[in-house]
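The values are calculated or read from the model by the stated rules, or taken from the named source; none is laboratory data. Everything numeric in this text was worked out from a predicted model, so none of it was measured. All Cβ positions, glycine included, derive from the backbone under ideal geometry; neighbour counts span all protein chains shown.
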Amino acid sequence: MASRTWFAWGGRSRRGAASASNPPEQRTTGIWRWRWGIALVSGAAVGSAYPPTILGPLAWIAFVPLLAVLDEAIQRRGRWGAVLYLFGWAWHGAANWWVMSWQPETDPYLMVAGAVLWLVHPLFLIPALALYPMLRKRAMPRRWALAVMVAGFVAVEWLHSLGDLSYPWLALGYTQLRNLALAQIADLAGVWGVSLVVIALNAVIYDWVADALERRRTVLASPGRAALHLGGRMLAVLIVPLVYGVVRLLDFTLSPAPPLRIALVQANINPWRKWAYADMQPMLAEHRRLQDSLRRHASFDLAIWSETALPVNLLDASGAELLQQIRSWCDSTSTAVLTGFADVEGYHPVRAYNAAILVAPGATHFPVHRKSRLTPFGEYMPFSDAFPELARLLQWGVGISSWAKGPGATVLPLVRGDTLARLGVMICIESIYPNYAADYVRAGADVLVVITNDAWYDGTPGPDQHFAIAQMRAIETRRPIARCANSGRTGFIAPTGSALLLAPARVATCIAAPVIPQRGTTFYVRAGDWLPMCMGIGGLAMIAAWGIAQRRWRVRSADGGDE
């Protein structure tokens with residue numbers, strides 16, 4: 001009879017030991033009493049795996065204790081939502097605590113915004129993990145639930161890179177940037193492919209652990225065989241991406257294009273004070289001094305300055321004299337300059353763009369890129385395009401509180417004699433969006449540039465994490481990256497993700513290196529974010545297929561009971 005069956009899709013039976021949510025073959029392990037500590041330690045382990053640490057492999061197992069607690073919660077009919085939130089809170093805290101900044105001159109608004117991010121961001125990190133206990137509660141077999149969780153994790157991670165509230169800084173794949181061989185699969189599937197490997201490793205390890213607990217005597221009798229079984233599962237997940245990565249590193253060859261000689265000027269100017277300067281000449285002079293000091297020893301075609309290196313509008317009367325000086329200097333030295341500046345237009349209302357301008361020798365037109373991916377609550381109040389009054393809520397005491405969005409990826413062409421280089425310039429947080437860098441390559445960029453002002457976070461892991469994220473963009477697009485920061489990390493990145501030359505952090509300096517523009521496109525650039533889309537569809541399909549199968553079984557059981 002249908003009313004007496006022990007399983008119902010979306011519900012639970014009341015038949016005690018035979019309940020779907022408490023199958024008789026499963027036993028509790030007694031770890032529920034330690035759930036809060038496990039959630040904190042497990043989340044902190046994930047957060048600790050991000051650069052600049054060398055603990056990347058920790059991310060392979062950091063989710064395992066959490067999954068055990070979630071299964072225990074289902075067995076005991078305990079509440080698991082708070083456990084998941086605490087896990088996400090510790091994950092964000094261990095990796096991103098520095099967002100609040102801890103400098104003496106930090107604006108209070110920035111610290112408050114960082115604290116709010118710490119409270120809210122865990123809600124974006126844990127939805128896919130919540131799938132696991134939700135499905136297990138409805139009696140989905142462990143391996144099916146783990147597979148759905150893995151697929152959902154990749155899909156949710158990608159969804160978190162879309163829209164005004166996006167902040168994909170903690171994509172799980174970034175934990176593996178110390179292992180460049182494993183990271184090479186990003187040219188096929190973006191950072192999402194690396195995330196898939198990491199979360200899948202956690203799933204297969206936990207499945208083995210759960211099996212071992214259920215067959216404890218067998219494991220104790222043959223520990224060597226059990227270890228080989230676990231190693232075989234891990235190898236099954238790792239072997240293809242690792243072999244692919246090694247092959248790609250060994251056979252990668254640069255395009256035969258002539259090199260573009262680039263200098264990176266790290267001026268190390270106090271970010272809190274520069275907006276208060278009425279006279280921009282000292283800042284211009286410092287950049288020129290650093291650049292000229294390097295020219296005595298090396299020649300270069302292009303000098304790159306950092307984000308808002310000159311916090312003034314070079315395209316109107318307020319900055320016209322500065323622009324003329326830069327033009328004359330470029331003409332006399334035969335060197336182009338790419339600099340960040342504040343592109344302000346209009347009066348009622350004022351629209352200010354965080355922008356970059358390319359000044360080339362002999363040029364009369366200066367192409368501009370306006371930043372279009374803005375830091376939510378830091379540079380831009382989400383949804384203020386639709387509701388302008390929201391912009392007034394963002395008022396902090398340094399520089400321009402609320403920036404306008406630019407039109408998107410704008411390639412800046414640089415003519416060098418009869419050769420054209422096409423620069424894809426990403427300003428600060430734009431570099432954390434995989435598809436944004438791919439947009440530049442689709443538009444024809446052969447060299448990627450990142451300019452940023454990470455001096456807000458000097459002395460924290462933030463600048464190093466930001467540089468590491470740019471390494472993933474190089475792998476995904478197979479483009480060299482020249483990255484210039486106000487105080488660091490400034491350096492050059494090869495198309496394989498290797499850091500070629502780094503400037504010392506928090507000093508005024510200038511470095512230069514030849515950069516070879518690259519042609520061709522990777523599979524990821526051509527196909528875009530195909531993997532997380534497929535994972536999302538696949539996860540939904542698994543849930544639907546299992547639900548249909550269980551409904552059919554329920555109907556057959558009901559028919560048998562009626563007979």
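Matching residues to (1) in contact with an Asp or Glu (Cβ under 8 Å, 6 or more places away or on another chain); (2) of a type in the set (S, T, N, Q); (3) at pLDDT below 90:
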site	(1), (2), (3)
ASN313	yes, yes, no
ASP331	no, no, no
ALA363	no, no, yes
LYS371	yes, no, no
THR375	no, yes, yes
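Counting the residues of the stretch 264-280 that are part of a loop (DSSP other than H, G, I, E, B) and within 13 Å of ALA505 (Cα to Cα) gives 3. Taking the conditions exactly as written (crowded, with 16+ Cβ neighbours inside 10 Å and farther than 29 Å from ASP211 by Cβ), does GLY93 satisfy them or not? So GLY93 passes the test. Exactly one residue out of ARG478, ARG422, ARG442 is out of contact with any His (no Cβ under 7 Å at 6 or more places or on another chain), farther than 29 Å from ARG351 by Cα, touching a residue at least 12 places away in the same chain (Cβ under 8 Å) and charged (D, E, K, R): that is ARG478. Exactly one residue among SER332, SER293 is out of contact with any Lys or Arg (no Cβ under 9 Å at 6 or more places or on another chain), assigned by TED's automatic domain parsing to the domain that holds PRO517, touching a residue at least 60 places away in the same chain (Cβ under 8 Å) and surrounded by fewer than 16 Cβ atoms within 10 Å (Cβ to Cβ), and that residue is SER293.
Of all the criteria given as (1) of a type in the set (Gly, Ala, Ser); (2) within 26 Å of GLY88 (Cβ to Cβ); (3) surrounded by 19 or more Cβ atoms within 10 Å (Cβ to Cβ), the one not satisfied by GLY163 is (3). Would you say SER306 is over 21 Å from ASP107 (Cβ atoms) and polar (S, T, N, Q)? No; evaluated as a whole, the condition is false for this residue.
Considered as a group, the residues in the stretch 56-101 that are modelled with pLDDT under 95 and outside any helix (DSSP H, G or I) include one that is nearest to LEU119 (Cα to Cα), and that residue is SER101.
Residues satisfying the criterion are present in the stretch 308-329 (criterion: under 19 Å from VAL425 (Cα atoms) and assigned to a strand (DSSP E or B)).
Would you please name the residue that is surrounded by the most Cβ atoms within 10 Å (Cβ to Cβ), looking only at residues in the stretch 102-137 that are part of a helix (DSSP H, G or I) and aromatic (Phe, Trp, Tyr)? Ranking the candidates gives TYR132 first.
Taking ILE537, is it free of Cβ contacts under 8 Å to residues at least 40 places away in the same chain, over 17 Å from the mean Cα position of the chain (by Cα), over 22 Å from THR175 (Cβ atoms) and part of a helix (DSSP H, G or I)? Answer is yes for this residue.
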